[in-house]
Amino acid sequence: MQQTPVESELRVLNPATGECIGTAPIHGRDEVEVAVERARAAQSEWSEIPTEERGKQIIRFRNAVRDNAEELMEAITRENGKTLHESLLMEVLGTTDLITWFARRAHKLLKRKFLSIHFYPTRRSYLQYVPRGVVGIISPWNFPFAIPIGQTVMALLAGNAVVLKPSEFTPLIALESKRLFEESGLPPDLFQIVTGDGSTGEALTSSDVNQIVFTGSVATGRKVAATCAERLIPCTLELGGKAPAIVLEDADIRRTAGALLWGAFSNAGQACASVERVYAHESIHDELVAEIKARTEALRQGDPNSEVDVGSMIHSAQLENVERLIASAIQDGASVICGGERADGDGEFFPPTVLDHVKPDSDIMKKEIFGPVMPIATFTEESDAIRMANDSTLGLLAYVFTRNRSKGRRIAEQIEAGTVMVNDVLCTFALPETPWHGIKDSGLGIVHSAEGLKQLCELRHIHYERIRPLKEELWWYPYTKKRLELFKRIYRWLYSWIYR
């Protein structure tokens, strides 16, 4: 069910049914450049508006999202295949809250920050956060509303304009968002959308934008970073994940099993933060697996518009990747607890699958699955669990389950991931206060949080005198032996008495 261009258009398919639900143009390099030029012209005026006023205008867009929430969630489900519950909670609600939080606070988060100068008290500094200009955003298909719209709103509140290139699999929800943006009375050229395939993304990355925010695969992220480095512009990269979950011997089995199921199977496992490998202490392994098996077998999968728990995957290439990894794990000795084979019938459905006795060094524990599969291995010592959790080139999210909160935090601090959650999964993406970022091959830079907002700005440093300055400073020319001796005495005095 892979989408292919038809002449100059993308055919957009409903992954749950295979039907064509619309088309979108494939924009070329010239059209991308025009979009960037229009955005830049609009940004000049937008950046002059006080940040607090920009927030008030963005709230109008938030209101349009709120008023059209049901239509948006249905459109997301139709184009992406996730359930209506997930379209509402993971996409529409979370984005509405993010817009509200940043729109109400951006003017405070971006206000000047004054610095005291300990060595030079007659002078002072402050930091100024200035819009970069035009931000290019390249977004994925797994969260086609929450990821690009959240990033877009943050860039706009920082005073930038945005050119968004959505995934070729899910362009329609982006176009619908653009319609709501314009109907909110916001400057139409401020938010541009270019649709197309990888060549459109390449054109945007190499265009005259001032920053790129990319979410996608590690391989493509490296290419984006190389292009940005060539142009000496910043890029924010949110790449792959291989989130481990460590289940300690004192974990609450019922809560842990529920969290692992939702973490592994929501959005059909197609999230960079999905639980992709479980390390269970040998003393509770059997009880945990039994609980997971019973809960997994009770999950309902099917038409995501109906009362089901798990929707469809996005396209056949993703299913084939899942099948390859499962087959390899079985060949290495893993056992299938439930699921394991592609569902019959139409649509891109793969049943929630649990694998046990998975070897820690097997492909399914190393490579990103991006499908509804939970592989489980065991450990005896905490140090082994931490070592296995860190044995990955990726480091986006990780999870620890224990009744002992201090022990949970202690172990979390030893795990190599941008975010480690204790006794919960996934949800920090929906908390705008918290940073979302990866280490190692999981990316560069931060989205969300005050820090993420500031990274959409240029940092300017202003330094000035607090009192009338001397006619000349002592360290200016001319250099003399007398001054050198004076500086030596000052140096010894400072670091022997004042700053000792």
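The values are calculated or read from the model by the stated rules, or taken from the named source; none is laboratory data. What you are looking at is a predicted structure, and each value in this text was computed from that prediction instead of being measured. Don't worry about glycine lacking a Cβ; one is built from the backbone with ideal geometry, like all the others, and counts go over all protein chains shown.
Read through the list (1) surrounded by fewer than 24 Cβ atoms within 10 Å (Cβ to Cβ); (2) out of contact with any strand residue (DSSP E or B) (no Cβ under 7 Å at 6 or more places or on another chain), then give the number of the only condition that residue 150 fails.
Condition not satisfied by residue 150: (1).
How many residues are closer than 16 Å to residue 118 by Cβ and hydrophobic (A, V, I, L, M, F, W, C) if we restrict to segment 481-500?
Of the residues in segment 481-500, 5 are closer than 16 Å to residue 118 by Cβ and hydrophobic (A, V, I, L, M, F, W, C).
Could you list, in sequence order, all residues of segment 385-403 that are assigned to a loop (DSSP other than H, G, I, E, B) and either of a type in the set (D, E, K, R) or more than 17 Å from residue 359 (Cα to Cα) (or both)?
Matches in segment 385-403: 391, 393, 396, 402, 403.
Just for segment 222-248: of the residues that are outside any strand (DSSP E or B) and under 13 Å from the mean Cα position of the chain (by Cα), which one is farthest from residue 38 (Cα to Cα)?
Only one residue fits best here, namely 241.
Go through segment 449-495 and count every residue that is in a helix (DSSP H, G or I), charged (D, E, K, R) and closer than 30 Å to residue 95 by Cβ.
Going through segment 449-495 one residue at a time, the tally reaches 2.
Return the only residue of 233, 193, 137 being of a type outside the set (S, T, N, Q), within 21 Å of residue 103 (Cα to Cα) and at pLDDT 95 or above.
Residue meeting the stated conditions: 137.
Could you identify the single residue in 368, 320, 348 that is part of a helix (DSSP H, G or I), in the same structural domain as residue 425 (by TED's automatic domain parsing) and under 26 Å from residue 168 (Cβ atoms)?
Every option except 320 fails the conditions.
Yes or no: segment 31-53 includes at least one residue that is hydroxyl-bearing (Ser, Thr, Tyr), at pLDDT 95 or above and farther than 23 Å from residue 146 by Cα.
yes
Which of the following residues is of a type in the set (D, E, K, R) and touching a strand residue (DSSP E or B) at 6+ places or on another chain (Cβ under 8 Å): 451, 416, 433?
416 is the lone residue from the list that is of a type in the set (D, E, K, R) and touching a strand residue (DSSP E or B) at 6+ places or on another chain (Cβ under 8 Å).
Does residue 174 qualify as being assigned by TED's automatic domain parsing to the domain that holds residue 29 and touching a Pro at 6+ places or on another chain (Cβ under 6 Å)?
So residue 174 passes the test.
If residue 223 satisfies every condition in (1) farther than 19 Å from residue 275 by Cβ; (2) touching a residue at least 60 places away in the same chain (Cβ under 8 Å) but one, which is the exception?
(2)
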